[in-house]
Amino acid sequence: MCYVLLIRDGLKMPKMKTRKSVAKRFKKTASGKLKYSKAGAGHLLGGKSRKRKRNLRSAGVLSEVETRRIGEMISD
C-alpha cells in the first residue's frame, strides 16, 4: 500500500500505482461496481450443458465486499 506522505499544491504525493494484472481482469461500471468475465468457457465445452455455456457468456459482478478490496488496486 502507498500512503499519502506529502500534500503540495493540492496534489497527493505519492500516487497509488494501478495493479495492471487486476486492471486487465476487471472493468468498473458507471455505478461503481466491478464486472469480470467468468472462468470455464475457454475449452472442454463439449461436456458442459448449453445452459451452462450460455450463462458463462454473461459478465459477472463482484460482491460489495470484494468491490471494496479489489477497487483499491484500480486507480480509476
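Computed from the coordinates by the stated procedures, all read-outs in this text should not be read as laboratory data. Predicted, not measured: the structure shown is a model, and the values here were computed from it. When we count neighbours, we look across all protein chains shown, and the Cβ atoms used for this are built from the backbone with ideal geometry, even at glycine.
Some points to look at:
- Footprinting exposure proxy for 13, 73 (fewest neighbouring C-beta atoms within 10 Å first): 13, 73
- Bridgeable lysines around residue 38 (alpha carbons under 24 Å apart, same-chain partners fewer than 8 residues away excluded): 20, 24, 27, 28, 48, 51, 53.
- Theoretical FRET efficiency, 1/(1+(r/R0)^6), r = Cβ-Cβ of residue 72 and residue 41, R0 22 Å, to 0.05: 0.20
- Of the trypsin sites (Lys or Arg not before Pro) in region 17-76, those whose Cβ has at most 16 other Cβ within 10 Å and which sit in DSSP loop: 17, 19, 33, 38, 48
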